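J.: I have a structure here, written as structure tokens, and I will follow up with some questions on it.
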Amino acid sequence: MFLCVLLLGLILKNEIQVESARILGIFPTPSKSHYALGNVLLKELARRGHEVTMISPFEEKHPPPNSSYRDIKLEFEISEADKSSNFFSSDMSNPYLVTLFLNYVGCKMLNATLNFPNVQKLLESEEKFDAVIMDQFVDDGFSYFAHRFGANNILVSTTTAKAWVNPLVGNPAPPSVVADLLLNFPNRMNFLERLQNTIFYLYSVLNIHLYFFPQQNKIIKENLPEARPLYDYLYNVSLVLINTHESYTDPSSMVPVMKNVGGYHVSPAKKLPEDLQKFMDDSKEGVVYFSMGSNLKSKDMPKEVIEAIIRVFAKLKIKILWKWEDDSLPGQPPNLKLSKWLPQQEILGKCLDIIIHE
């Protein structure tokens, strides 16, 4: 009896302490590629015992079992003008006009999110969060959530350490050696490229501080009159997760608060559907995968571009898998297989090359 009491006392004395955090995820961009990074991260945090709330336009159909995972689903109304926007037009190849378009997208996204009833209810509640993890993509106004809840602000950048992220954490990126993402220049630029890059860098800085940040601040004040100015909390960033990896990106400066995490969202590949497996197995020369992603649609490319691509593909001995959003493609050559959806991750490990948008 004495031994039982002693054993029970030792067990109670060595109690196990479990610490979990309350985490708010904000991934408002209506793009699967942006959502995927947040979705994998937030689900894993929930699986490990943290309390997770996710704000996004998508709903998690399979939350981790026995976990505290909550969705606040956004429902954006897309105007006919936005639906008809063609990203393959010549205007969208102009980085200056792309910047203005991103201004429009970021401001519209922030305003729509702050006007969503369940988001307003959350902001008015007495809930507490230890960390806010947010998609860093022309949506700096969402830093207000970290300020509102007194939480650590963690940014997730879907691309390299870019002009939208670097100023927030004081990361040096001199335009003489660091090419802007929208210009598609190599890091080893010639003099003319460095000159163009510097001019665009100055344009970007002026745009951010004279237009974009003031507009984001205006939207916050219109929806939340009691909110403090954006600049009071914009630079309070605890951590930046960058969706790149040292093995395939050009060397660049990164302050300690920035961490490369490229590939963390990749899960074990599943078995290919039988028709795709047969198509790839039958191609002795190999297969090339062609996709414009979830936002850009191949069917929206100019007719002359589509025809030129078909002519080139028809001359190849290899087979092509093309994510094509229409029911048919006039002039489709026999070595080309079309599908409105393709299991990209499973294909990437089995193809010769991929063609994607920059």
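J.: Does SER267 satisfy the condition of being touching a helix residue (DSSP H, G or I) at 6+ places or on another chain (Cβ under 8 Å), surrounded by fewer than 17 Cβ atoms within 10 Å (Cβ to Cβ) and more than 16 Å from ALA163 (Cβ to Cβ)?
T.: When the stated conditions are applied, SER267 passes them.
J.: Which residue is surrounded by the fewest Cβ atoms within 10 Å (Cβ to Cβ), if the candidates are limited to the range 242-262 and must be free of Cβ contacts under 8 Å to residues at least 24 places away in the same chain and part of a strand (DSSP E or B)?
T.: Looking at residues that are free of Cβ contacts under 8 Å to residues at least 24 places away in the same chain and part of a strand (DSSP E or B), I get LYS259.
J.: Restricting attention to the range 308-338, which residues are among the polar types (S, T, N, Q) and modelled with pLDDT of 90 or more?
T.: Scanning the range 308-338 gives GLN332, ASN335.
J.: Pairs under 8 Å by beta carbon, first residue closer than 17 Å to PRO174 by Cα in the range 200-212, partner among the hydroxyl-bearing types (Ser, Thr, Tyr) and at pLDDT below 95, six or more apart or different chains?
T.: Close Cβ pairs satisfying both conditions: PHE200/TYR96; TYR203/TYR96; TYR203/THR99; SER204/THR99.
J.: Further question on the same structure: Can you find a residue that is more than 30 Å from VAL237 (Cα to Cα) and not basic (Lys, Arg) anywhere in the range 258-270?
T.: Within the range 258-270, one or more residues are more than 30 Å from VAL237 (Cα to Cα) and not basic (Lys, Arg).
J.: Here's another thing I want to ask about it. Condition test on SER67, is it surrounded by 14 or more Cβ atoms within 10 Å (Cβ to Cβ), among the polar types (S, T, N, Q) and modelled with pLDDT under 90?
T.: yes
J.: Output yes when any residue across the range 220-234 is outside any loop (DSSP other than H, G, I, E, B), without any contact (Cβ under 8 Å) to a residue 40 or more places away in the chain and either in contact with a Leu (Cβ under 7 Å, 6 or more places away or on another chain) or of a type outside the set (Asp, Glu) (or both), and no when none is.
T.: Yes: one or more hits.
J.: Condition first: of a type in the set (Asp, Glu) and in a loop (DSSP other than H, G, I, E, B). Now tell me which residues in the range 269-291 satisfy that.
T.: Residues satisfying the conditions are ASP282, GLU285.
J.: In addition: Quick check: is even one residue across the range 101-114 assigned to a loop (DSSP other than H, G, I, E, B) and either aromatic (Phe, Trp, Tyr) or modelled with pLDDT under 95 (or both)?
T.: no
J.: Return the pair list, or none, for Cβ contacts closer than 7 Å from residues in the range 283-301 that are charged (D, E, K, R) to residues that are assigned to a loop (DSSP other than H, G, I, E, B), at least 6 apart or on different chains.
T.: Correct list of pairs: GLU285/LYS317; GLU285/ILE318; LYS297/GLU325; LYS299/TRP324; LYS299/GLU325; LYS299/ASP326; ASP300/ASN86; ASP300/PHE88.
J.: Mind listing just one residue for me: the one in the range 170-214 that is outside any loop (DSSP other than H, G, I, E, B) and either aromatic (Phe, Trp, Tyr) or not assigned by TED's automatic domain parsing to the domain that holds LEU239 (or both) and, of those, farthest from the chain's Cα centre (by Cα)?
T.: Restricting to residues being outside any loop (DSSP other than H, G, I, E, B) and either aromatic (Phe, Trp, Tyr) or not assigned by TED's automatic domain parsing to the domain that holds LEU239 (or both), the top hit is PHE191.
The values are calculated or read from the model by the stated rules, or taken from the named source; none is laboratory data. On a predicted model such as this, the values are computed, not experimentally measured, just so you know. Because the Cβ atoms are built from the backbone with ideal geometry, glycine has one as well, and the counts that use them run over all protein chains shown.
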